[in-house]
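Engineer: Pasting a structure here, questions to come.
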Amino acid sequence: MMTPWQEAWQRIRAKLRTEFGDATFDSWLKPLGVLRAEGSKVLITVPTRFMCDWVKTHYLSRIIDHWRQETGAMIDVELVVSVQAPLPGPIAVVAVPVAKPNGRPARPDGHGDELDPAGDTYSAPLDPRFTFDSFVVGKSNELAHAAARRVASSAKVQFNPLFLYGGVGLGKTHLMHAIAAEIRARNPERKVLYMSAEKFMYQFIRALRYKDTMAFKEQFRSVDVLMIDDVQFIANKDSTQEEFFHTFNAVIDQHRQVIISGDRSPSDLEGIEDRIKSRLGWGLVADVHPTDYELRVGILQSKLEAMGRDDLPKEVTEFLARKIVSNVRELEGALNRVTAYSDLVGRPVTLEMTQEVLQDLIRSNDRRVSIAEIQRHVAEYFNVRLSDLLSARRARAVARPRQVAMYLSKQLTSRSLPEIGRKFGGRDHTTVMHAVRRIEELRETDSGLDQDIENLRRTLET
Ligand code: ADP
Ligand code: MG
């Protein structure tokens, strides 16, 4: 039977053949064989010295890339000149620091899968763009950011584990990578093992299948910092959870730092055993909230700076920050789409262009404001009771806020006038239409009210 390593090598060979073509593969790559693995290093045999040099300069970095992708670990590859047939051998994967040449800066373009072969000490590739420098701090993420900084900069274990949680696209993975990169920059000796919970499960299952759980466990034994991203992935996966729990406890018991991320707080994780949830909450639990308007503007500015562009009108940035509220990934996507479009058609970015290009995105972001939310905010803002807003009362103190709420419902949701009427205590659609017109008129003449509405719209849209 082939070992997992030999199997991996078979798959890598197939990829190399596709990548470089039959002729190249047959002359240079086919003769290579896996000899054995030592620690995180794979020894690969090459028949002659000349071939060895050639392979080293032309193909080695790709071979390393493939090994890392295949194993999810920071594999290094050494070429050995040997005519002997490759032998299978026992293999242990350990995340050992790979020697790094004179601190080259990370590629700003961040070509993700083109890993630097002489690269880093983590077991899954880190995105070089995800650093503390590129992370914009605002109210919503300041706790998580401070905790991440603390863990990254302190040699002592501070809180164990650090548990970061929040909705999708809000910067958890960014912070995790930033921590890993920072620890590594400060002290290359420290072994940082970063992997997604999905990868953890995948590796674990593979280890079970090949009766190779020793090697699997081995990789966690000597880590200084263990980071598991998206722990919710192991929900309802019983044996993976069990293994995760053992691993987690073992690392914590050795006073090594553990950092976990999840999509909700430990106690709210569903399908995860209670003892695990409870242990996850022992250290510091820091949440990342949805972004607010200011943070979104800040992120856009920092992103534009990184792209080296200053040709975006302020109204466009503000429009994006106001409209794309769901998460930062989508916000970045929107910005990329607009700038790419502008480059493509060779016209400067304008507000009209932005609205046009992002139609679909904006609509799906808009849908998130509900009439109920508008009513709640308006009642609170004008200090009237929600029940009054929905009642038949005609007193001016209630009637005006009600009109404002109807107006905002029309502006911010895609509901029809009759639908809006129904949500306001079963009023007729003509009443809603009247309210909308009235507020439109008043906005022209009453600057106080105009400001109120602007404030409300802001809070509702952020
Ligand atoms: P999560 O892991 O929480 O789903 P990510 O860390 O993958 O989210 O973030 C999604 C994208 O948004 C990434 O490109 C990340 O760089 C960016 N991002 C999120 N928050 C920030 C922030 N505060 N500053 C800069 N970029 C951010
Ligand atoms: Mg993530």
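Engineer: Considering each of Ser387, Ser409, Ser414, Ser447 in turn, give the residue that is under 30 Å from Ala340 (Cα atoms) and not assigned by TED's automatic domain parsing to the domain that holds Arg337.
Structural biologist: Values: Ser387 fails: under 30 Å from Ala340 (Cα atoms); Ser409 fails: under 30 Å from Ala340 (Cα atoms); Ser447 fails: under 30 Å from Ala340 (Cα atoms).
After ruling out the rest, the residue left standing is Ser414.
Engineer: Give the residues of the range 276-287 that are open to solvent by less than 10 Å² (accessible area, probe 1.4 Å) and either within 16 Å of ligand 1 (Cβ to nearest atom) or out of contact with any strand residue (DSSP E or B) (no Cβ under 8 Å at 6 or more places or on another chain) (or both), sorted by residue number.
Structural biologist: Passing the criteria: Ile276, Ala286.
Engineer: I'd like the full set of residues that are near ligand 1 (Cβ under 10 Å from one of its atoms), open to solvent by less than 50 Å² (accessible area, probe 1.4 Å) and not aromatic (Phe, Trp, Tyr), limited to the range 125-140.
Structural biologist: Result: Asp127, Thr131, Ser134, Val136, Gly138, Ser140.
Engineer: Output the number of the condition that Lys211 fails; it satisfies all remaining conditions of (1) of a type outside the set (A, V, I, L, M, F, W, C); (2) surrounded by fewer than 19 Cβ atoms within 10 Å (Cβ to Cβ); (3) in contact (Cβ under 8 Å) with a residue 40 or more places away in the chain.
Structural biologist: (3)
Engineer: Another question, then. State whether one or more residues within the range 60-72 are under 31 Å from the mean Cα position of the chain (by Cα) and surrounded by fewer than 13 Cβ atoms within 10 Å (Cβ to Cβ).
Structural biologist: No, that holds for no residue.
Engineer: Here are some conditions: (1) open to solvent by less than 80 Å² (accessible area, probe 1.4 Å); (2) touching a residue at least 12 places away in the same chain (Cβ under 8 Å); (3) in a loop (DSSP other than H, G, I, E, B). Asp452 meets all but one. Which one does it not meet?
Structural biologist: Condition (3) is where Asp452 drops out.
Engineer: Moving on to the next point. Take Val225 and decide whether it is under 28 Å from Asp287 (Cβ atoms) and surrounded by 19 or more Cβ atoms within 10 Å (Cβ to Cβ). If you could, list the steps in order and put the result at the bottom.
Structural biologist: On the way: under 28 Å from Asp287 (Cβ atoms): yes; surrounded by 19 or more Cβ atoms within 10 Å (Cβ to Cβ): yes.
So Val225 fits the description; yes.
Engineer: Using the structure shown, decide if Arg402 is in contact with a Leu (Cβ under 6 Å, 6 or more places away or on another chain), assigned to a helix (DSSP H, G or I) and among the charged types (D, E, K, R).
Structural biologist: So Arg402 passes the test.
Engineer: Residues in the range 170-193 that are β-branched (Val, Ile, Thr), surrounded by 24 or more Cβ atoms within 10 Å (Cβ to Cβ) and within 16 Å of ligand 1 (Cβ to nearest atom): how many?
Structural biologist: Residues flagged as β-branched (Val, Ile, Thr), surrounded by 24 or more Cβ atoms within 10 Å (Cβ to Cβ) and within 16 Å of ligand 1 (Cβ to nearest atom) within the range 170-193 amount to 1.
Engineer: Further question on the same structure: How many residues are surrounded by 16 or more Cβ atoms within 10 Å (Cβ to Cβ) and of a type in the set (S, T, N, Q) if we restrict to the range 412-430?
Structural biologist: The number of residues fulfilling the criteria is 1.
Engineer: Is at least one residue of the range 141-161 within 16 Å of ligand 2 (Cβ to nearest atom), surrounded by 17 or more Cβ atoms within 10 Å (Cβ to Cβ), modelled with pLDDT of 50 or more and of a type in the set (S, T, N, Q)?
Structural biologist: Within the range 141-161, one or more residues are within 16 Å of ligand 2 (Cβ to nearest atom), surrounded by 17 or more Cβ atoms within 10 Å (Cβ to Cβ), modelled with pLDDT of 50 or more and of a type in the set (S, T, N, Q).
Engineer: Let me ask you something else. Among the residues of the range 246-264, which ones are open to solvent by 10 Å² or more (accessible area, probe 1.4 Å) and either free of Cβ contacts under 8 Å to residues at least 12 places away in the same chain or more than 16 Å from ligand 2 (Cβ to nearest atom) (or both)?
Structural biologist: Scanning the range 246-264 gives His246, Thr247, Asn249, Ala250, Ile252, Asp253, Gln254, His255, Arg256.
Engineer: While we're here: Looking at the range 202-231, which of its residues are within 16 Å of ligand 2 (Cβ to nearest atom) and in contact with a Phe, Trp or Tyr (Cβ under 9 Å, 6 or more places away or on another chain)? Steps first, please.
Structural biologist: Here is the first cut: in the range 202-231, the ones within 16 Å of ligand 2 (Cβ to nearest atom) are 227-231.
Those that are within 16 Å of ligand 2 (Cβ to nearest atom) and in contact with a Phe, Trp or Tyr (Cβ under 9 Å, 6 or more places away or on another chain): Met227, Ile228, Asp229, Val231.
Engineer: Could you list, in sequence order, the residues of the range 288-301 that are open to solvent by 40 Å² or more (accessible area, probe 1.4 Å) and either farther than 30 Å from Leu320 by Cβ or not in a loop (DSSP other than H, G, I, E, B) (or both)?
Structural biologist: Glu294, Gln301 - these are the residues of the range 288-301 that are open to solvent by 40 Å² or more (accessible area, probe 1.4 Å) and either farther than 30 Å from Leu320 by Cβ or not in a loop (DSSP other than H, G, I, E, B) (or both).
Engineer: Restricted to the range 302-339, and to residues that are under 15 Å from Phe135 (Cβ atoms) and acidic (Asp, Glu), which residue is most open to solvent (accessible area, probe 1.4 Å)?
Structural biologist: Restricting to residues being under 15 Å from Phe135 (Cβ atoms) and acidic (Asp, Glu), the top hit is Glu305.
Engineer: Return only the number of the condition from (1) more than 17 Å from the chain's Cα centre (by Cα); (2) of a type in the set (Asp, Glu); (3) surrounded by 21 or more Cβ atoms within 10 Å (Cβ to Cβ); (4) closer than 30 Å to Ser326 by Cβ that Glu243 does not satisfy.
Structural biologist: So the condition that Glu243 fails would be (4).
The values are calculated or read from the model by the stated rules, or taken from the named source; none is laboratory data. Not measured: the values here are computed from a predicted model. Counting neighbours? That spans all protein chains shown, and the Cβs are built from the backbone with ideal geometry, glycine included. Heavy atoms of the whole protein, side chains included, go into the accessibility calculation; ligands, DNA and RNA do not. Shrake-Rupley method; radii C 1.70, N 1.55, O 1.52, S 1.80 Å.
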